[in-house]
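**Q** Sharing a structure here in structure tokens format.
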Amino acid sequence: MKKRAFRKPAKARTESELEAEFLRLFRSQLPPTFRPTLQHYFHSVRQWRFDFSWPPYLVAVEVQGHDNHYTRPGAANDYAKHNAAITLGWRILYLIDTDLEKPETLIQLCTLLGIPYEHRTTQNWTDTLNAERRNIYQNPNT
């Protein structure tokens, strides 16, 4: 079987508003050297990709919306993707919309990336979320 080369998207971007909110929080809370890669293809045959990833650390984040992840075929594909990623050495953090408001989300991600907590910003997670949301609603085109 011939292996396909990894695809690279022309311009990586988030695929949903929920992913965009997580990205804003990651960018505001993580040190600049820990900016995530968006839509990283990690499997050459199935062309699977992660919503956010840190390839040098083999850490990924998957944001689970309420679309096809809760159908039987969607769940089966997610499980196959998850199993393949683990086989390749990846550690994956699965997040849903309510995880945006939990400080534990950042703590778990920092733990996976090996970032000491004292080296991240001291800004409160919920305050950042609320400020970001206010900014979006006041300036929807930014």
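All of the numbers you see were taken from the coordinates with simple rules; none came from a lab. These figures come from a predicted structure and were not determined experimentally. For neighbour counting, all protein chains shown are included, and Cβ atoms are generated from backbone atoms with ideal geometry for every residue, glycine included.
**Q** Ranked from highest to lowest mean number of other Cβ atoms within 10 Å per residue, what is the order of the peptides 15-22, 56-63?
**A** Order by mean packing, descending: 56-63, 15-22.
**Q** Counting Lys and Arg as +1 and Asp and Glu as -1, what is the net charge of the other residues whose Cβ lies under 11 Å from the Cβ of residue 92?
**A** -1
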